[in-house]
Amino acid sequence: PDVVCLLGLLLWATPVVQTELEANSWIYLASRPGGKSSVLLGKYLAAVSWTLLAAVIGLALCLLLARPVGGLRIWLALNALAVMSCASYGALYCLIGVLFHRRAMVAAVAYTVGIEFLVGFLPAVINQFTLQFRLRSLLIKWMGWDELIAGRTDDLPLFFDTAPTWQHLAILAGFIVAALGTSIYLLHRREYITADEA
């Protein structure tokens with residue numbers, strides 16, 4: 001689910017501003033009251049919906065083919081993770097799309113590879129600031145693996161957190177609100193040059 005969510009949202013959510021600038025529709029959207037916010041939130045919801053649909057269908061097909069033991073628990077846990085992953089990364093990629101509208105895809109790929117994958121898998125405290133860390137911690141909790149690996153080694157707690165589930169969900173929800181709020185604020189404060197003005 002994580003790969004499907006990342007790739008889908010990279011294509012759908014990241015060019016949130018650039019597609020409107022290229023289509024010359026930004027002038028009309030920016031002149032409407034609440035137009036910028038509505039477009040951002042609408043594109044965010046559309047990106048999350050389409051990507052989540054692909055993740056849920058792909059997950060169902062994979063589990064039907066693999067038929068693992070405890071398939072219902074795996075299906076429920078991974079579907080819940082797909083929802084959280086889509087919502088979190090969608091907000092992040094919308095923020096990147098607002099910040100770096102000309103090179104949004106490049107910035108999003110650089111962030112994903114550099115921060116989420118490289119820093120996210122470092123056995124250090126810095127990986128706790130990634131979305132990957134929170135999602136991985138939720139996976140371990142929801143699958144019941146935290147009881148299996150508790151006390152086995154000292155390095156594993158650097159890869160996941162034993163905090164309660166509500167704390168991880170609250171951090172992810174706070175990040176989503178903060179990222180979307182910052183995106184809307186920046187959209188209203190910045191001026192974008194359209195193709196006609198260039």
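The values are calculated or read from the model by the stated rules, or taken from the named source; none is laboratory data. Just so it is clear, the model here is predicted, and its values are computed rather than measured. FYI the Cβ positions are ideal-geometry reconstructions off the backbone, even for glycines, and counts take in every protein chain you see. Keep in mind that these areas ignore ligands, DNA and RNA; they rest on the heavy atoms of the full protein, side chains included. Shrake-Rupley method; radii C 1.70, N 1.55, O 1.52, S 1.80 Å.
When the residues of the stretch 95-138 are filtered to those that are out of contact with any Leu (no Cβ under 7 Å at 6 or more places or on another chain) and small (Gly, Ala, Ser), the one that is farthest from LEU187 (Cα to Cα) is SER137.
Within the stretch 24-37, identify whether any single residue is more than 15 Å from ALA82 (Cα to Cα), outside any helix (DSSP H, G or I) and open to solvent by 70 Å² or more (accessible area, probe 1.4 Å), and answer yes or no.
Residues of the stretch 24-37 that are more than 15 Å from ALA82 (Cα to Cα), as a first pass: 24-37.
Those still in the list that are outside any helix (DSSP H, G or I) too: 24-25, 32-34.
This time we only want the ones that are open to solvent by 70 Å² or more (accessible area, probe 1.4 Å), so: 32-33.
Yes, the stretch 24-37 contains at least one residue that is more than 15 Å from ALA82 (Cα to Cα), outside any helix (DSSP H, G or I) and open to solvent by 70 Å² or more (accessible area, probe 1.4 Å).
A count restricted to the stretch 25-36 and to residues that are farther than 19 Å from LEU99 by Cα and in contact (Cβ under 8 Å) with a residue 12 or more places away in the chain stands at 0.
Counting the residues of the stretch 12-23 that are in a helix (DSSP H, G or I) and within 26 Å of LEU53 (Cβ to Cβ) gives 5. Taking the stretch 58-93 as the range and being under 18 Å from the mean Cα position of the chain (by Cα) and over 18 Å from ALA108 (Cβ atoms) as the test, the residues that pass are GLY58, LEU59, ALA77, LEU78, ASN79, ALA80, LEU81, ALA82, VAL83, MET84.
Results for (1) modelled with pLDDT of 95 or more; (2) surrounded by 17 or more Cβ atoms within 10 Å (Cβ to Cβ); (3) not in a helix (DSSP H, G or I), shown as yes or no for each residue.
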residue: LEU63; (1), (2), (3): no, no, no
residue: PRO68; (1), (2), (3): no, no, yes
residue: ARG73; (1), (2), (3): no, no, no
residue: ALA77; (1), (2), (3): no, yes, no
residue: ALA87; (1), (2), (3): yes, yes, no
residue: ALA91; (1), (2), (3): yes, yes, no
residue: GLY97; (1), (2), (3): no, yes, no
residue: HIS101; (1), (2), (3): no, yes, yes
